[in-house]
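Here the structure is laid out as structure tokens; the discussion comes afterwards.
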Amino acid sequence: MAAAMAWLRRGACGPARRCGLAAGRSYSGGSAYPSVSLTCPLPGVPKAVFAAAESRERFETRVTVLENGLRVASQNKFGQFCTVGILVNSGSRHEAKYLSGISHFLEKLAFSSTAQFGSKDEILLTLEKHGGICDCQASRDTIMYAVSADARGLDTVVNLLADVTLQPRLSDEEIEMTRMAIRFELEDLNMRPDPEPLLTEMIHAAAFRDNTVGLNRFCPVENTDKINRDVLHSYLSSYFTPDRMVLAGVGIEHEHLVECARKYLLGVQPVWGSGQGRAVDRSVAQYTGGIIKVEKDMSDVSLGPTPIPELTHIMIGLESCSFLEDDFIPFAVLNMMMGGGGSFSAGGPGKGMFTRLYLNVLNRHHWMYNATSYHHSYEDTGLLCIHASADPKQVREMVEIITREFILMAGAVGEVELERAKTQLKSMLMMNLESRPVIFEDVGRQVLATNTRKLPHELCALISQVKPTDIKRVVTKMLHKKPAVAALGDLTDLPTYEHIQAALSSKDGRLPRLYRLFR
């Protein structure tokens, strides 16, 4: 064996050493080893072709801007299927001059009848021929129409997307059905055992009162009967313009996508006409801070054999930064370091059980039902918040625990916990980007905001560079802002907003003491 290893280290293939491996060696039956070198081509066998790493250009996002301002972005990915869609720089934050709830209506009306397709069923049957599915999602700053289908049907898919986006019929029947769907959704939202969507609305409304991302994402009940085709066309004429759109695709050739975009999205007259609507709202988010309270009986939200106990839900947030700023990455690491979840979660380090909100809150206070950190980021602002829930009688103690965690963020950051948070963030980023629809959304949103895209390895490099001093710097800056507070449930023992603000301005995060003559 020693002779063989020495021969391998020398790596010789000359005639004098060709039989070095077999010299003096034989099988147990007595026959000699064949004199064949492992480092030389085998006689009579075709030369092996080895896989080689392709150039990085194949994995970069390519962007082309058409004559009308429409951006076409694509990302290569192996596979038979592709995800293609149109993202529009439009959302509930742009509804200040219009009736609140238009984006919610457009989301529900998506992929209904158009100039070419008589009904939603006809659209679905067309997609079915290419194994396709469709979806539309409206957020505070973006409306996204997306289709996943066989890549060979790209021409049909782009044609359909162009028709859905620019030529919707918006019939009276469809609008009435949408009104019913929205009313049902609003009722369901108030009856859900999980109040997180409702709290997210409330914390945004408290943090950015009556402006931009603080405007309601869901259509208010009183507006459902006021929104009609004329209102929708007025809004669409202002915001659904080519310069505010991105056609993004994953799993297709860039040249083919650009060709389809020119064919179906260049020089197309929208159904609402070419006349300009009202001026586009370019307001920058104004962080105000504040509190929104909703007194609600939560004792019967989930009846049954194992009912959820009555809980009071609190969410406390502070302004962070936009996703365009350099501090966005440290905030993302901080959010991962805080982590958290429900009191009944199970698992190991990979599930976040070593994050601060588990170690310092859920593990030490058995009565806490939930403690979770969230980070919402937009093109001009951001919000880092912690959602906690507990029995109504322990609301004051719960609020103090959360304010103390905010103050502790500015303290010492352990090397181990920071590295764990960075590794978990990179892992989550890479795992999410295994999914084609997620890559599509990432490509579309980044190109819509910055006209380019940072690749995963670039983001991972930025995450690796985050130091404890970066965390302390961004937290110190954040703690100088007024808090935003959302409270839902039995709020009898909820501290005042002034007391919460005082706790977040103190050194230890404790609430001011209450002195009562009678208990």
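The values are calculated or read from the model by the stated rules, or taken from the named source; none is laboratory data. In this text, all values refer to a predicted model and were calculated from it rather than measured experimentally. For neighbour counting, all protein chains shown are included, and Cβ atoms are generated from backbone atoms with ideal geometry for every residue, glycine included. Areas reflect the complete protein model, heavy atoms only, side chains present, ligands, DNA and RNA absent. Shrake-Rupley method; radii C 1.70, N 1.55, O 1.52, S 1.80 Å.
For the reader, a short list of remarks on this structure follows.
- Dipole axis of region 290-505 (+1 Lys, Arg; -1 Asp, Glu on Cβ), positive-most option in V294, H365, L462: L462
- Nearby lysines by direct alpha-carbon distance to K481 (threshold 21 angstrom, same-chain neighbours under 8 apart not counted): K293, K472, K507
- Exposed-loop-free span, longest in the chain, where chymotrypsin sites (Phe, Trp or Tyr not before Pro) count as exposed if DSSP calls them loop and at most 15 other C-beta atoms lie within 10 Å: 79-343
- Rounded tilt (10° steps) of 415-432 against the dominant C-alpha axis of the chain: 80 degrees
- Counting charges near G444 (Lys, Arg +1; Asp, Glu -1) among other residues having Cβ under 11 Å from its Cβ returns a value of +1.
- The order of E419, E67, E319 by accessible area, most exposed first and with a 1.4 Å probe, is E67, E419, E319.
- Rg/Rh ratio calculated on Cα atoms of region 290-505 (Kirkwood radius): 0.98
- Helix 436-450 vs. the chain, principal-axis angle (Cα, 0 to 90°, nearest 10): 60 degrees
- Accessible surface of region 290-505 [probe 1.4 Å, protein heavy atoms]: carbon and sulfur percent: 55 percent
- Only Cα sites of region 399-465 enter the Debye sum here, all with the same form factor; the resulting log10 I(q)/I(0) across q = 0.11 1/Å is -0.42, listed in q order.
- For Q394, net neighbour charge (Lys/Arg +1, Asp/Glu -1) across residues whose Cβ lies under 14 Å away: -3
- Per residue, the solvent-accessible area of region 290-505 (1.4 Å probe, heavy atoms of protein chains only, all protein chains present) comes to 45 Å².
- Charge tally in the Cβ shell below 11 Å around L359, where Lys, Arg are +1 and Asp, Glu are -1, L359 excluded: 0
- Pairwise centroid distance, computed over Cα atoms, of region 468-512 with region 59-124, Å: 39 Å
- Estimated dipole of region 290-505 in Debye, rounded to 20 [Cβ of Lys and Arg +1, of Asp and Glu -1, Cα centre]: 520 debye
- Scattering profile of the chain at q = 0.08, 0.10, 0.13 Å⁻¹ [log10 I(q)/I(0), Debye over alpha-carbon scatterers]: -0.64, -0.90, -1.33
- Using alpha-carbon coordinates, inclination of helix 154-166 to the longest axis of the chain, degrees: 10 degrees
- Within the accessible area of region 62-265 (1.4 Å probe), percent carbon and sulfur: 51 percent
- When both region 216-251 and region 300-333 are represented by their alpha-carbon centers, they are found 28 Å apart.
- Solvent-accessible area per residue, Å², over region 67-216 with all protein chains present [probe radius 1.4 Å]: 38 Å²
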